[in-house]
Amino acid sequence: MSTGTGADSAPGHISTTTTAARTAAPASRNSMFSSLRIRNYRLFATGQVVSNTGTWMQRIAQDWLVLSLTGSASAVGITIALQFLPMLMFGLYGGVLADRLPKRPLLLATQSAMGLTGVALAVLTLAGQVQVWHVYLAAFLLGLITVVDNPARQTFVPEMVGKDQVANAVSLNSANFQSARLVGPAIAGVLITAVGSGWAFLLNGLSFAAPIAGLLLMRTAELHPVEPRPRAKGQLREGLQYVAGRPELIWPIALVGFIGTFGFNFPIWLSAFVSDVFHGDAGTYGLFNTLIAAGSLAGALLAARRGHSRLRLLVTAAVLFSVLLLVTAFAPGFWLFAALLVPIGVFGLTVNVTANSSVQMATDPEMRGRVMALYMMVFTGGTPVGAPLLGWITDTYGARVGMAAGGLISLAASAAIAVVLARVGNLRLRVDRRGVAFVPSVRHRELVKVA
């Protein structure tokens with residue numbers, strides 16, 4: 001085991017007295033918004049909420065534009081797949097670059113490139129020349145940029161806030177993203193209905209001026225930089241071997257891989273429910289996304305208040321998220337379906353934040369870029385597999401069957417990994433009047449007493 005921060009979440013301590021929890025204890029005593037006291041992180045968060053709002057506007061406009069041009073949920077799935085295909089193909093190389101290069105200049109380059117992608121798609125759409133292949137190309141280019149941007153952004157957080165605030169800052173990043181998700185879809189729905197998708201693309205492109213300004217205004221002397229790794233052979237293999245030897249890393253990454261691939265296909269399902277089940281319009285699609293975002297924001301703020309991450313919470317949230325997908329798939333009415341999207345957002349975000357902060361806190365700083373690249377590759381890189389498959393199921397058998405299929409696969413994976421983690425952590429399943437839970441085994445309690 002690592003002697004650095006990578007040792008903080010040993011799998012034998014999944015119970016309530018984990019070393020990781022003790023390491024994160026200072027953060028848990030802080031307030032929900034403690035990371036925002038740090039000026040550099042405050043600049044970063046402000047810029048991100050603006051660009052994230054634009055990103056959500058583009059996502060809604062992009063999905064609706066493809067659906068309008070083709071009338072096919074599968075085409076929406078292909079668009080999503082193309083956006084995440086580069087992460088599957090090149091994600092680990094992005095992590096190597098994030099470990100080799102200074103994060104702030106790297107983010108200035110990636111954020112600028114993302115803004116230019118949005119502007120280019122806006123020009124084509126506003127000129128009336130946009131075709132489906134243009135959207136496919138823009139999605140693929142955005143995915144290529146994200147290969148580097150994602151691990152750079154993830155690993156820049158500890159450099160801004162320091163080790164004690166990592167869990168809180170990761171949670172606030174998610175709250176930031178979900179706050180934008182509340183506003184972005186609503187604005188996109190109004191813009192699409194009133195003036196078309198092109199203006200949503202344009203505003204997204206321009207929104208990247210905010211994070212670029214925030215990065216330029218940072219005080220570099222107040223950062224906690226990690227010494228960039230020199231170029232050397234075998235760094236990709238080194239990262240994979242590092243994760244493979246640590247159950248506290250590999251199993252959370254595997255779990256979010258299944259959830260990300262099969263459980264986070266909301267653009268496919270929601271667009272199909274809007275058009276085929278409830279016969280709504282872009283405003284209805286925006287409403288559904290806003291409701292998921294409201295739940296996700298609540299989940300992120302609760303995570304920020306906790307200030308720590310536990311694997312037990314991760315698997316519990318994954319199981320509840322999967323069950324809710326199954327229940328929601330067969331909700332008989334519009335408003336019941338809409339209401340269930342809120343707790344789906346809560347537990348889906350809890351899975352993401354808990355896994356993210358657990359993995360970051362259990363990883364040595366010099367390996368964090370490669371580990372987080374693998375995390376993001378598994379979490380989003382499976383989309384090129386899951387999105388077309390679930391898009392085909394949705395087109396062939398209907399929106400309800402498509403959503404239920406994603407929930408069923410996610411539930412099976414969550415249950416299996418819960419059992420694995422319980423065995424690794426010397427836990428047993430307890431079923432009594434208090435409910436169902438994993439608790440330390442009798443042998444584990446005896447060993448603790450002897451120690």
Checked the range 23-132 against the a/c 1.5 cut and the a/b vs b/c comparison, axes a ≥ b ≥ c from its Cα gyration tensor; verdict prolate
With all protein chains present and a 1.4 Å probe, the order of L191, L203 from largest accessible area down is L203, L191
Considering the alpha-carbon set of the range 297-422 alone, what are its Rg and its Dmax in angstrom? 15.9, 51
Heavy-atom accessible area ranking, 1.4 Å probe, most first, across W251, W64, W269: W251, W64, W269
For the range 241-255, take each phi angle, set θ = phi - 60°, evaluate the Karplus expression 6.51 cos²θ - 1.76 cosθ + 1.60, and give the result in whole Hz per residue in order, putting x for glycine and proline. 5, 4, 5, 4, x, 10, x, 5, 9, 5, 6, x, 5, 4, 5
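So, with a 1.4 angstrom probe, what is the percent of accessible area on the range 40-107 that is carbon and sulfur?
Carbon and sulfur: 70 percent of the exposed surface of the range 40-107.
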With DNA, RNA and ligands ignored, accessible area of V195 (1.4 Å probe; Å², nearest 10): 90 Å²
Highest first, please rank the peptides 414-421, 125-132 by the mean number of other Cβ atoms sitting within 10 Å of their residues. 414-421, 125-132
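Run the dipole for the range 76-228 about the Cα centre, Lys and Arg Cβ at +1, Asp and Glu Cβ at -1, nothing else charged, and hand back the magnitude in debye, nearest 20. Mind showing how you got there, number by number?
Numbers: 7 positive and 6 negative charges, 22 e Å.
Taking the Cα centre of the range 76-228 as origin, the dipole is about 100 debye.
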Please compute the per residue accessible area over the range 36-148 with all protein chains in place, 1.4 Å probe, rounded to a whole number of Å². 38 Å²
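In what order, largest first, do Y93, Y136, Y242 sit by accessible area if the probe radius is 1.4 Å?
Details: Y93 135, Y136 55, Y242 25 Å².
Most to least solvent-accessible, the answer reads Y93, Y136, Y242.
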Which value, in Å², gives the accessible area per residue of the range 251-369 when a 1.4 Å probe is used on the protein heavy atoms? 29 Å²
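The values are calculated or read from the model by the stated rules, or taken from the named source; none is laboratory data. Note that the structure is predicted; figures quoted are calculated from it, not measured. FYI the Cβ positions are ideal-geometry reconstructions off the backbone, even for glycines, and counts take in every protein chain you see. Areas reflect the complete protein model, heavy atoms only, side chains present, ligands, DNA and RNA absent. Shrake-Rupley method; radii C 1.70, N 1.55, O 1.52, S 1.80 Å.
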